[in-house]
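Visitor: Sharing a structure with you now.
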Amino acid sequence: PATGYPAKSGLKSVTIVAESSALADALSTACFVLGLEDGAALLKKYPGCEGIFITDADTLFITSGLSGAVQMSDERLEMSVLTESGS
């Protein structure tokens, strides 16, 4: 944010599922800038919110609340469920 350049957080994409679209938008931006571990830690502070993180290494991490709800259609991605420790 300080430079105006895109964040280099190790993530390609973050999607947040929440009741409020405004909250989902704010959290997805914050989680993207923070990176996987810190973003996942932030997301845990918001009950009812779930997330999908895609890393630069093409690994898809989902929060446990989305386990079973996400189907892979891209064979290039590997999917893991985030643990309580963050990854």
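Visitor: Residue by residue through region 41-63, note down the ones that are at pLDDT 95 or above, among the hydrophobic types (A, V, I, L, M, F, W, C) and part of a loop (DSSP other than H, G, I, E, B).
Guide: Answer for region 41-63, where residues must be at pLDDT 95 or above, among the hydrophobic types (A, V, I, L, M, F, W, C) and part of a loop (DSSP other than H, G, I, E, B): just CYS49.
Visitor: What are the residues in region 39-87 that are touching a Phe, Trp or Tyr at 6+ places or on another chain (Cβ under 6 Å) and surrounded by 15 or more Cβ atoms within 10 Å (Cβ to Cβ), if any?
Guide: Result: PHE53, PHE61, LEU82.
Visitor: All but one of (1) open to solvent by less than 30 Å² (accessible area, probe 1.4 Å); (2) in contact with a Leu (Cβ under 9 Å, 6 or more places away or on another chain) hold for ALA7; which doesn't?
Guide: (1)
Visitor: Sort out which residues of region 65-87 are out of contact with any strand residue (DSSP E or B) (no Cβ under 7 Å at 6 or more places or on another chain) and modelled with pLDDT of 80 or more, and write them in order of number.
Guide: If the condition is that a residue be out of contact with any strand residue (DSSP E or B) (no Cβ under 7 Å at 6 or more places or on another chain) and modelled with pLDDT of 80 or more, then GLY68, ALA69 are the ones that fit.
Visitor: How about region 21-38: which of its residues are among the hydroxyl-bearing types (Ser, Thr, Tyr) and either buried (at least 17 other Cβ atoms within 10 Å of the Cβ) or within 14 Å of SER9 (Cα to Cα) (or both)?
Guide: The answer is SER28, THR29.
Visitor: Moving to a separate point now. Looking at the structure I just gave you, is LEU27 in a helix (DSSP H, G or I) and either of a type outside the set (S, T, N, Q) or out of contact with any Pro (no Cβ under 7 Å at 6 or more places or on another chain) (or both)?
Guide: yes
Visitor: Follow-up. List every residue pair whose Cβ atoms lie under 9 Å apart, where the two residues are 6 or more positions apart in sequence or sit on different chains, the first residue falls within region 30-55 and is basic (Lys, Arg), and the second residue, located anywhere, is open to solvent by 40 Å² or more (accessible area, probe 1.4 Å).
Guide: Pairs found: LYS44/GLU84.
Visitor: For a quick check of your reading of the model, give me the residue pairs whose first member lies in region 9-24 and is within 15 Å of ILE62 (Cβ to Cβ), whose second is among the charged types (D, E, K, R) and open to solvent by 60 Å² or more (accessible area, probe 1.4 Å), with beta-carbon atoms closer than 7 Å and at least 6 apart or on different chains.
Guide: Close Cβ pairs (under 7 Å, with a partner that is among the charged types (D, E, K, R) and open to solvent by 60 Å² or more (accessible area, probe 1.4 Å)) amount to LEU11/ASP56; LYS12/ASP56.
The values are calculated or read from the model by the stated rules, or taken from the named source; none is laboratory data. These figures come from a predicted structure and were not determined experimentally. Backbone-built Cβ (ideal geometry, glycine too); neighbour counts: all protein chains shown. Accessible surface is based on the protein model in full, side chains and every heavy atom, while ligands, DNA and RNA are left aside. Shrake-Rupley method; radii C 1.70, N 1.55, O 1.52, S 1.80 Å.
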